[in-house]
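Asks: Before anything else, here's the structure in question.
The values are calculated or read from the model by the stated rules, or taken from the named source; none is laboratory data. A quick note: this is a predicted structure, and the numbers were derived from the prediction, not measured. Note: ideal-geometry Cβ built from the backbone for every residue, glycine included; neighbour counts use all protein chains shown.
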Amino acid sequence: MTAEACFVPGEPWLDDRGVHINAHGGGVLFHGGAYYWFGEHKISGKAGNVAHVGVHCYSSTDLTSWRDEGIALAVSDDSESDIVRECVLERPKVIYNALTETFVMWFHLELKGQGYAAARSGVAVSSSPTGPYAFCDSFRPNAGHWPLNATEEQKAPLEDPPYLRNRSVSGGPNAATPANGFFRRDHLGGQMARDMTLFVDDDGTGYHIYSSEENSTLHISELTPDFQRPSGRYVRVFEKRWMEAAAICKRQGRYYLLASGCTGWAPNEARSAVADSIWGPWEELGNPCVGINPMNGLGQEKTFGGQSTSILPVEGLRDAYIAMFDIWCPEDAIDGRYVWLPIVFSEEGMKISWRDRWDLAGFGT
Ligand code: DGJ
């Protein structure tokens with residue numbers, strides 16, 4: 001993709017060294033006139049489904065040609081560290097905190113050897129966008145805080161209710177999932193947090209949006225002013241809709257969400273939603289994707305073979321937002337591909353049409 005300054009979704013995307021970009025499940029920060037793309041560095045084979053290296057960073061000024069900036073956050077060799085090599089470190093995102101002049105990275109962390117049971121959030125900081133980032137802490141967010149939209153009746157911890165005992169429904173929709181159960185179970189220890197994104201609003205408030213409650217329900221959680229912890233103010237949204245891969249943007253005063261269903265590494269149908277306040281109510285708008293990816297024959301019912309990771313507002317262009325998706329390759333993780341497509345907004349919501357090849361001049365066409 002480098003030579004012709006256009007996006008070619010699904011093809012290998014070469015960096016300035018001619019190597020396929022290694023930044024999966026990522027997000028892009030714009031800062032000081034440049035874009036920084038952060039994502040999971042994966043290695044070859046199935047082994048690449050856990051973290052052997054860390055978070056990779058690339059920089060660009062045109063969004064198509066990317067310079068390799070190296071590893072921004074490295075996994076640790078210390079077996080006592082939460083981010084020891086072979087942990088699961090997914091979907092890293094970075095935001096800039098103007099108050100502390102610090103770059104703050106959040107990611108989904110699973111402790112080594114524990115599958116997806118830990119469901120934690122990790123935080124790391126740096127004084128430079130490209131890093132190195134210093135790991136701060138990992139935790140389940142919002143311990144001891146009730147959701148802002150919990151009813152008075154719900155505000156009672158369920159310490160070990162029989163119907164939740166030993167119950168894990170992770171991995172996808174499960175009719176047995178109790179409504180209003182898991183967040184009460186997790187009230188004291190903190191809420192489960194897996195797939196995640198970050199969002200900074202116009203007023204400088206930061207938010208962490210994560211799949212919680214065994215993946216059944218999304219939480220939208222305000223950050224502290226330094227962006228390094230949850231403030232304790234959060235809402236539960238899309239209850240029992242099993243949304244993963246949430247991505248958020250704000251356009252003309254409204255908040256738009258792009259997400260997926262919950263089917264492991266396999267693609268499913270994308271979802272979209274809109275709200276006038278980030279706290280909701282959110283209105284689901286359906287699958288925004290249209291068309292077919294000729295490389296794998298997968299259409300909108302499988303999100304072209306991909307899963308959302310971020311929405312990227314393009315600086316200096318009016319109404320220009322890019323939907324970023326990953327085509328996962330769990331058999332050879334390093335070969336995961338990127339699908340970046342323009343979002344077209346209308347009264348009906350967002351529309352994301354397949355393009356074999358496009359450039360920024362194509363917005364609005
Ligand atoms: C889907 C998630 O979106 C990915 O980030 C990853 O956690 C896989 N599930 C693991 O199966």
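Asks: Do you know which residues across the stretch 27-60 are touching a Cys at 6+ places or on another chain (Cβ under 9 Å) and surrounded by 21 or more Cβ atoms within 10 Å (Cβ to Cβ)?
Replies: First, the residues of the stretch 27-60 that are touching a Cys at 6+ places or on another chain (Cβ under 9 Å): 36-39, 42, 48, 50-51.
Across the stretch 27-60, the qualifying residues are Tyr36, Trp37, Phe38, Gly39, Lys42, Gly48, Ala51.
Asks: Within the stretch 332-348, is even one residue out of contact with any Pro (no Cβ under 7 Å at 6 or more places or on another chain), closer than 20 Å to Asn268 by Cα and in a helix (DSSP H, G or I)?
Replies: yes
Asks: Need pairs with beta-carbon distance below 6 Å; first residue within 16 Å of Phe199 (Cβ to Cβ) and within the stretch 237-250, second assigned to a loop (DSSP other than H, G, I, E, B) and within 11 Å of the ligand (Cβ to nearest atom); sequence gap 6+ or separate chains.
Replies: Here the result reads Ala245/Asp195, each pair linking the stretch 237-250 to a residue that is assigned to a loop (DSSP other than H, G, I, E, B) and within 11 Å of the ligand (Cβ to nearest atom).
Asks: On to the next question. Look at Leu312 and say whether it is of a type outside the set (Val, Ile, Thr) and crowded, with 21+ Cβ neighbours inside 10 Å.
Replies: Details: of a type outside the set (Val, Ile, Thr): yes; crowded, with 21+ Cβ neighbours inside 10 Å: yes.
Judged against the criteria, Leu312 is a match.
Asks: Would you kindly identify the strands (runs of 3 or more DSSP E) lying entirely within the stretch 250-314 that contain at least 1 residues that are in contact with a strand residue (DSSP E or B) (Cβ under 8 Å, 6 or more places away or on another chain), of a type in the set (Val, Ile, Thr) and away from the ligand (no atom under 16 Å from the Cβ)?
Replies: Details: elements: 254-260, 271-275, 307-313.
Counting at least 1 such residues, we get 271-275.
Asks: Still on this structure, I have one more. I'd like the full set of residues that are in a loop (DSSP other than H, G, I, E, B) and either closer than 18 Å to Val125 by Cβ or touching a Leu at 6+ places or on another chain (Cβ under 7 Å) (or both), limited to the stretch 64-101.
Replies: Answer for the stretch 64-101, where residues must be in a loop (DSSP other than H, G, I, E, B) and either closer than 18 Å to Val125 by Cβ or touching a Leu at 6+ places or on another chain (Cβ under 7 Å) (or both): Val75, Ser81, Asp82, Ile83, Cys87, Ala98, Leu99, Thr100, Glu101.
Asks: Continuing with this model, one more query. Restricting attention to the stretch 82-98, does a residue exist that is modelled with pLDDT of 95 or more and in contact with a helix residue (DSSP H, G or I) (Cβ under 7 Å, 6 or more places away or on another chain)? Can you show your working first?
Replies: First pass over the stretch 82-98, keeping only residues modelled with pLDDT of 95 or more: 82-98.
Retained after the next criterion (residues that are in contact with a helix residue (DSSP H, G or I) (Cβ under 7 Å, 6 or more places away or on another chain)): none.
Scanning the stretch 82-98 turns up no residue that is modelled with pLDDT of 95 or more and in contact with a helix residue (DSSP H, G or I) (Cβ under 7 Å, 6 or more places away or on another chain).
Asks: Looking at this structure, is Thr130 in contact with a helix residue (DSSP H, G or I) (Cβ under 9 Å, 6 or more places away or on another chain) and part of a loop (DSSP other than H, G, I, E, B)? Steps first, answer last, please.
Replies: Working: in contact with a helix residue (DSSP H, G or I) (Cβ under 9 Å, 6 or more places away or on another chain): no; part of a loop (DSSP other than H, G, I, E, B): yes.
No.
Asks: Could you check how many residues of the stretch 187-212 are within 16 Å of the ligand (Cβ to nearest atom) and under 14 Å from Arg120 (Cα atoms)? Outline the logic, then answer.
Replies: Residues of the stretch 187-212 that are within 16 Å of the ligand (Cβ to nearest atom), as a first pass: 192-198, 208-212.
Subset that is under 14 Å from Arg120 (Cα atoms): 192-197, 208-212.
Count: 11.
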